[in-house]
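Visitor: Handing you this structure, nothing more for now.
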Amino acid sequence: MTGQTELKWWQRGVVYQIYPRSFKDTTGNGVGDLQGIIEKLDYLEHLGIDAIWLSPFYPSPMADFGYDVADYCDVEPLFGDLATFDRLAAAVHARGMKIIVDWVPNHTSDQHKWFIESRSSRDNPKRDWYIWRDPKPDGSLPNNWGSFFGGPAWTFDPQTGQYYMHQFVKEQPELNWRNPEVKAAMLDTLRFWMRRGVDGFRMDVIGLILKDAALRDNPINPHAPANLPENDLFSRLIQVYNMDQDEVHEVVREIRATLDEFPERCGIGELWGPLDRWVKYYGEHGEGLHLPFNFRLMDGMGFNRMTWDAQALRGVVDALEAALPDFAWPNYVLGNHDRMRMVTRFGGEAQARVAAMLLLTLRGTPTLYYGDEIGIPDVPVPPEKIQDPQGVNLGAERSRDVCRTPMQWDASPNAGFCPPDAEPWLPLTADYTARNVAVMSQDATSILTLYHQLLAMRQETPALLGGSYKPLDEGVPTDCYVYLREDGATRYLVALNFAAEARQVRLPELGRGQIMLSTHLDR
């Protein structure tokens, strides 16, 4: 158990992910921007958010909506400029909040000056900054790896007669982190943003940055679904040699040492994989990432959609608690820009309310995804309007556009996201005139009010911030998940009902209690 006074900001705080394209448009082009985030900081402060995390806002050709970075040390003009970013950071800090930015270390844009140099000739000094390989003697690809977004992980460059690697779209060539110059240049980009006041980084696909030195073929996956799209080479393989190499932990330690050059900075890593591999990213003694991102409440123990089941979700939490070393701090997330919206995944707003109470009362740092607090579901996007490369290449059902739709602020045309005469870059929910911040903040029983009260109670309750976690069994129906959060003499019971009907939980040994909050705010 950690005392409340000993907790760092990234342990006490609640993180709120903002997808800048979709938060607030102040220029009338239908795309959100940094000034829009500045204008909505009062809302986030009132809601009870402690830190905002911004998805990429760097200069980019937008082949993968900003994850194809053309310059790590500037702002895409679509979103503003460095002066706007500086105003945003100052405004965040003035409210006692923190700012976390996305850092994309695995790949750049093919328009980045480094790659332009690298592909110019085989003897260019930056040739080895990326991963280039000759074709096999028979002219075929260097290995069998597939791209997350469909097709092979290699593209041939006719000018120099070699293939370059990209595990995403071909416009995202992968950096060679085995080159010390690459490592030094990328660590300097961290320092650039920390000098501008950035408090932490969410590190995109951090486990991919080192590949097997020999680039061996990945084994065929005998359990791959039979109905995969023809070009989904990635899912047909077991991802052994293209990610999570043992040597990556040495690089993670160097990244952490760079963060530690500045006081109180936080490193969060996007990671998947078995629990015993995932937990290693904390480091042997806490010298790794502060928070390896934990997706298990969304994905279970693998890449599968988590079912709405009390014992399954409890099993995920209990396994994590058992696996964590004493120095490691847990964290949980239920939604992000790559996954089905929480309301859709779990089956409706009633379930989303229970999920919110779970996320905000577990031990550890929670991350919220913008719009979840007003119950935005996945929004259907017509096939001809799909923009996400994953949906374009692998089929509409794989599109992530559905979970990236604009934030809904009020009942005006375009929900106050952009001016009435503009067209938002993605559609809104059909019920946006009712499902928006202005309307729901006036409703004493709305899901937004529930989030507001949960966040306030969490911040005021030492047992919910640094207290212990203990699941209960006796007297608890199997379709309920019940646990205690304790700090000293104070004790809070969290009883979550996953059934469609009311359930009774009998815990006579705990004595009488007082209901502090109910999911429908009616008790």
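The values are calculated or read from the model by the stated rules, or taken from the named source; none is laboratory data. Because the structure is a prediction, the values reported are computed rather than measured. Here the Cβ positions follow ideal geometry from the backbone for every residue, glycine too, while neighbour counts run over all protein chains shown. Quick note on the areas: whole protein, heavy atoms, side chains included, nothing else; ligands and nucleic acids left out. Shrake-Rupley method; radii C 1.70, N 1.55, O 1.52, S 1.80 Å.
Visitor: Within segment 362-408, which residues are β-branched (Val, Ile, Thr), crowded, with 23+ Cβ neighbours inside 10 Å and farther than 22 Å from residue 439 by Cβ?
Guide: Within segment 362-408, 365, 367 meet the criteria.
Visitor: Taking the criterion of being open to solvent by 50 Å² or more (accessible area, probe 1.4 Å), over 29 Å from residue 200 (Cα atoms) and outside any helix (DSSP H, G or I), would at least one residue in segment 263-272 satisfy it?
Guide: No; the residues of segment 263-272 include none that is open to solvent by 50 Å² or more (accessible area, probe 1.4 Å), over 29 Å from residue 200 (Cα atoms) and outside any helix (DSSP H, G or I).
Visitor: When residues of segment 495-517 are filtered for being within 20 Å of residue 308 (Cβ to Cβ) and surrounded by 13 or more Cβ atoms within 10 Å (Cβ to Cβ), how many remain?
Guide: Qualifying residue count, segment 495-517: 6.
Visitor: Next question, about the same structure. Please verify whether residue 492 is in contact with a helix residue (DSSP H, G or I) (Cβ under 6 Å, 6 or more places away or on another chain), in contact (Cβ under 8 Å) with a residue 12 or more places away in the chain and open to solvent by 40 Å² or more (accessible area, probe 1.4 Å), treating the condition exactly as stated.
Guide: When the stated conditions are applied, residue 492 passes them.
Visitor: Tell me, yes or no, whether segment 98-121 has at least one residue that is farther than 30 Å from residue 197 by Cα, among the hydrophobic types (A, V, I, L, M, F, W, C) and surrounded by fewer than 22 Cβ atoms within 10 Å (Cβ to Cβ).
Guide: Checked segment 98-121: at least one residue is farther than 30 Å from residue 197 by Cα, among the hydrophobic types (A, V, I, L, M, F, W, C) and surrounded by fewer than 22 Cβ atoms within 10 Å (Cβ to Cβ).
Visitor: Report yes if some residue within segment 413-424 is open to solvent by 50 Å² or more (accessible area, probe 1.4 Å), farther than 20 Å from residue 37 by Cα and touching a residue at least 40 places away in the same chain (Cβ under 8 Å); otherwise report no.
Guide: yes
Visitor: Turning to a different aspect of this structure: Being buried (at least 20 other Cβ atoms within 10 Å of the Cβ), farther than 27 Å from residue 272 by Cα and among the aromatic types (Phe, Trp, Tyr): is that true of residue 163 here?
Guide: Taking the combined requirement at face value, the residue satisfies it.
This table checks each residue for (1) within 25 Å of residue 348 (Cα to Cα); (2) polar (S, T, N, Q).
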site	(1), (2)
441	yes, yes
444	yes, no
450	yes, no
462	no, no
468	no, yes
482	yes, no
492	no, no
503	yes, no
506	no, no
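Visitor: Which condition number does residue 463 fail, the rest of (1) more than 30 Å from residue 407 (Cβ to Cβ); (2) over 27 Å from the mean Cα position of the chain (by Cα) being met?
Guide: (2)
Visitor: Also, I was wondering about something else. Could you list, in sequence order, the residues of segment 213-252 that are of a type in the set (Phe, Trp, Tyr) and open to solvent by less than 50 Å² (accessible area, probe 1.4 Å)?
Guide: 234
Visitor: With 149, 201, 156 as the choices, which residue is closer than 30 Å to residue 393 by Cα, hydrophobic (A, V, I, L, M, F, W, C) and in a loop (DSSP other than H, G, I, E, B)?
Guide: When all the criteria are applied, what remains is 149.
Visitor: Considering segment 173-229 alone, what residues qualify as being within 26 Å of the chain's Cα centre (by Cα) and of a type in the set (Asp, Glu)?
Guide: Within segment 173-229, 174, 188, 199, 204, 212 qualify.
Visitor: Out of all the residues in segment 173-193, is one or more over 18 Å from residue 254 (Cβ atoms), exposed (fewer than 15 other Cβ atoms within 10 Å of the Cβ), out of contact with any helix residue (DSSP H, G or I) (no Cβ under 9 Å at 6 or more places or on another chain) and modelled with pLDDT of 95 or more?
Guide: no
Visitor: Restricting to segment 273-297, and then to whatever is in contact (Cβ under 8 Å) with a residue 60 or more places away in the chain and among the aromatic types (Phe, Trp, Tyr), can you tell me which residue is surrounded by the most Cβ atoms within 10 Å (Cβ to Cβ)?
Guide: 281
Visitor: Return the residue satisfying two criteria in turn: it lies in segment 396-416 and is among the hydrophobic types (A, V, I, L, M, F, W, C) and touching an Asp or Glu at 6+ places or on another chain (Cβ under 7 Å), and of such residues it is farthest from residue 426 (Cα to Cα).
Guide: Selected residue: 403.
Visitor: Please enumerate the residues belonging to segment 447-483 that are open to solvent by less than 60 Å² (accessible area, probe 1.4 Å), without any contact (Cβ under 8 Å) to a residue 60 or more places away in the chain and either under 20 Å from residue 44 (Cα atoms) or among the polar types (S, T, N, Q) (or both).
Guide: Within segment 447-483, 461 is the sole residue that qualifies.
Visitor: Go through segment 12-37 residue by residue and tally those that are open to solvent by 20 Å² or more (accessible area, probe 1.4 Å) and over 23 Å from residue 427 (Cα atoms).
Guide: 1
Visitor: Only one of (1) within 19 Å of the chain's Cα centre (by Cα); (2) open to solvent by 10 Å² or more (accessible area, probe 1.4 Å) is not met by residue 321, so which one is it?
Guide: (1)
Visitor: If you don't mind, another one. Hey, residue 205 hits all of (1) out of contact with any Phe, Trp or Tyr (no Cβ under 9 Å at 6 or more places or on another chain); (2) crowded, with 19+ Cβ neighbours inside 10 Å; (3) of a type in the set (Val, Ile, Thr) but one; which does it fall short on?
Guide: Just one mismatch for residue 205, condition (1).
Visitor: Separate question: Filter segment 172-208 for residues that are under 23 Å from residue 145 (Cα atoms) and touching a His at 6+ places or on another chain (Cβ under 9 Å) and give the result.
Guide: Those that are under 23 Å from residue 145 (Cα atoms) and touching a His at 6+ places or on another chain (Cβ under 9 Å): 172, 173, 174, 175, 204, 205, 208.
Visitor: For segment 38-56, give me each residue that is of a type in the set (Phe, Trp, Tyr) and open to solvent by 10 Å² or more (accessible area, probe 1.4 Å).
Guide: The one that is of a type in the set (Phe, Trp, Tyr) and open to solvent by 10 Å² or more (accessible area, probe 1.4 Å): 43.
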